[in-house]
1. Failed condition for PHE63, given (1) modelled with pLDDT of 95 or more; (2) more than 21 Å from the chain's Cα centre (by Cα), with all others met?
2. Of the residues GLY198, GLY180, GLY171, GLY166, only one is surrounded by 13 or more Cβ atoms within 10 Å (Cβ to Cβ) and not aliphatic (A, V, I, L, M); which?
3. For the subset of region 205-223 comprising residues that are under 17 Å from THR181 (Cβ atoms) and surrounded by fewer than 16 Cβ atoms within 10 Å (Cβ to Cβ), which member is nearest to the chain's Cα centre (by Cα)?
4. Go through region 58-76 and give me each residue that's surrounded by 15 or more Cβ atoms within 10 Å (Cβ to Cβ) and more than 16 Å from ARG146 (Cα to Cα).
5. Could you list all residues from region 173-218 that are of a type outside the set (Asp, Glu), touching a residue at least 40 places away in the same chain (Cβ under 8 Å) and out of contact with any Asp or Glu (no Cβ under 6 Å at 6 or more places or on another chain)?
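The values are calculated or read from the model by the stated rules, or taken from the named source; none is laboratory data. Predicted model, so just to flag it, every value in this text is computed and none were measured. Cβ placement follows ideal geometry from the backbone for every residue including glycine, while neighbour counts extend to all protein chains displayed.
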Amino acid sequence: MGSQDLRPLLSALGLDLEPGELTPALRHASYAHEAGLESNERLEFLGDAVLDLAMADILFHLFPEGDEGELTRLRSVLVSRPMLAEIAGELGLGEYLLVSEGAEELGVRERPSVLAAALEAILAVAFLKRGYGYARELVRRLYGERISRVAAQRPEDYKSLLQELGQKRFGELPRYRLIGTEGPEHEKVFAVEVSLGGERAVGRGRNLKEAEQAAAKRLYLGLEDLTD
């Protein structure tokens, strides 16, 4: 079902909360339904909004020269499911989740979408128990150098982001394949397919580089929409 001693997790998060205050954020729907308790889904909903606001706040002050488009791009990448799951994985959050035996057998505990949801639920608890400033500081600590690292990437460089994700999450590199061209020679459009972790996406562009970047962006951001 999951570890009952949450003190190591609280320490890793840097939270001065009681273990019992964190428990609701760790209840997967499978466990909650069997136990007749509320799952962490409502907390996930709130945590998602808290994260969006906190990240927008952090980026707004960290990059005073950044325009709306650039700040929106940065926030989109930083609050994406792959990024949240990466942070949750580093915290070892999966071992603390409360899941049913059936869900355990299905490997739910390590699913990126489940890990990301639990982390958002934890942010909601921090917000409810200590307020926005406390939750914002938690976001800042959790992300650390990730913010500057993502900001250092060129706006169109999703190939690098996808490669980094592939190495950390799947232990493999993305594979690109030209699948076709369209249009006359002077207006040719290239179509490229990228695959990673069993998922695929297609991007199009006026040259191979542009098509690969489009495919990488679609797959990177699309990974956050994987179902449980």
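1. It fails just one condition, (1).
2. The match here is GLY166.
3. The selected residue is LYS209.
4. The answer is GLY66, and nothing else.
5. PRO174, ALA216, LYS217
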